[in-house]
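Read-outs throughout are calculated quantities, based only on the coordinates presented, and are distinct from any laboratory measurement. Computed from a predicted structure; not experimentally measured. Cβ sites come from the backbone with ideal geometry, for glycine too, and all protein chains shown count toward neighbours.
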Amino acid sequence: MRPIPTLFALVALAAAPLAAAAEDRGAQLFQLCAQCHGPEAAGDPMALAPAIGGMDEWYLKAQLDKFRSGARGTHFDDIAGMRMRPMALSLYNEEDLVTVAAYVAALPATMPTPTLGGDAARGQALYAPCAACHGPDAAGIQALNGAPLRGTSDWYLYRQIQNFRSGVRGTKPGDASGALMRPMSMTLPDEQAIKDVIAYIATLSPSH
């Protein structure tokens with residue numbers, strides 16, 4: 001019988017090539033995504049592509065699932081979503097979805113440059129109800145399907161809040177979390193309030 005440490009070493013050696021192969025496959029799949037999101041997934045506003053590097057794997061996969069199912073990316077006023085949906089459909093199976101989501105999640109998190117302005121101090125009070133699902137640090141709560149928000153492009157957050165308010169998001173079958181988000185977006189009374197709460201979220205951006 002082999003000593004237990006030796007067995008662990010053998011398992012680790014056997015797993016290493018599999019992990020490397022998965023990373024290579026993830027990098028390969030991400031090449032299509034990189035055309036809009038950038039090679040480090042830091043986002044490109046000109047391509048309507050937000051920063052996604054370092055986001056939680058569960059959230060990335062959940063959004064890919066929504067794009068594939070049509071719960072996102074089918075409304076004619078959602079230009080960015082309509083661009084994203086065929087990209088998600090190019091992932092042919094569940095394994096590809098998991099692999100590319102894991103690859104993006106392993107990329108360094110970003111701190112996109114703020115573009116909107118806004119009063120972060122006022123936004124802190126406005127964010128209080130959001131914390132119930134998104135967490136006090138805006139890192140997201142998977143058990144509640146609360147999206148991670150920190151480190152996300154502010155222009156993208158602004159557009160998505162507007163999409164929820166107008167019904168572009170949160171009205172499709174299969175988007176239960178979006179349906180919950182839509183009435184919450186309407187608690188922000190005006191455009192300035194939206195910018196203020198996003199300005200506060202930007203102060204919570206990860207530094208790694």
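Points to keep in mind about this one:
- Peptide ranges 143-154, 120-131 listed from the most packed, as the mean C-beta count within 10 angstrom indicates: 143-154, 120-131
- Computed over the stretch 111-208: relative contact order in percent, which uses C-alpha pairs under 8 Å that are six or more apart: 43
- Considered as an equivalent ellipsoid built on the Cα gyration tensor, the stretch 18-109 has semi-axes of 21, 15, 11 Å, the largest given first.
- Evaluated over the stretch 111-208, the Cα radius of gyration and Dmax, each in Å: 12.6, 36
- Scalar couplings 3J(HN,Hα) for the stretch 157-170, obtained by applying the Karplus form with A = 6.51, B = -1.76, C = 1.60 to θ = phi - 60°, are 4, 4, 4, 5, 4, 4, 5, 5, 5, 8, x, 5, 10, x Hz; x denotes Gly and Pro.
- Spacing of the two label points (7 Å from each Cα toward its C-beta) at residue 27 and residue 74, in nm: 3.7
- Reported value for the chain: 142 Å³ per residue, from the convex hull of its C-alpha atoms.
- Angle of helix 57-69 to the longest C-alpha principal axis of the chain, folded into 0 to 90 degrees and rounded to 10: 70°.
- Reachable aspartates and glutamates from residue 66, criterion Cα separation under 12 angstrom, eight or more residues apart if same chain: 175
- Separation between Cα centres of the stretch 31-74 and the stretch 152-208, rounded to whole Å: 16
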